[in-house]
Amino acid sequence: MNPQSFAVTVESTLDDLQNRIEADAPEVECDLVDSVLTLLLPDDGQIIINRQEAAQQIWLACSDGPARFSWQGDAWQDSRTGESLKQAVGRLLSLHLGHPVSLG
């Protein structure tokens, strides 16, 4: 993926993720600035999702541990577990919020 298409794909992904979180977990405060999506959780936790251009990955950081996602086919997949970005964020939100969150 060339740098321009990578940037566009990441921005679209983060924007879509923010919209899904705001719809499915309104108690989470979302802030998307300069390709960094910050999720402020009611339990005072945070999830930070941002792009890493040199590696052409999306990185996720939270107290539960980091994850790195690479574009594979039509989705961002965790390079260690194979879990998609949406699945990982949904799982983490469910854990922190105490109710199921499915981000599709």
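Please treat every number below as a calculation from the coordinates, not as lab data. Predicted model, so just to flag it, every value in this text is computed and none were measured. Methodologically, a virtual Cβ is constructed for each residue, glycine included, from the backbone with ideal geometry; neighbour enumeration extends over all protein chains shown.
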To the nearest 10 degrees, the tilt of helix 3-24 (Cα long axis) against the first principal axis of the alpha carbons of the chain is 10 degrees
Share of Cα-Cα pairs in the stretch 3-97 beyond 17 Å, whole percent, is 44 percent
Compute the signed sum of charges (Lys and Arg +1, Asp and Glu -1) over the other residues within less than 9 Å, Cβ to Cβ, of LEU41. -4
Starting from the Cα of ARG68, move 7 Å in the Cα-to-Cβ direction to define the label point; list residues of the stretch 1-36 whose amide nitrogen is under 11 Å from there. none
Compute the acute angle (0 to 90°) between the alpha-carbon long axis of helix 85-97 and the principal axis of greatest extent of the alpha-carbon atoms of the chain; round to the nearest 10°. 20 degrees
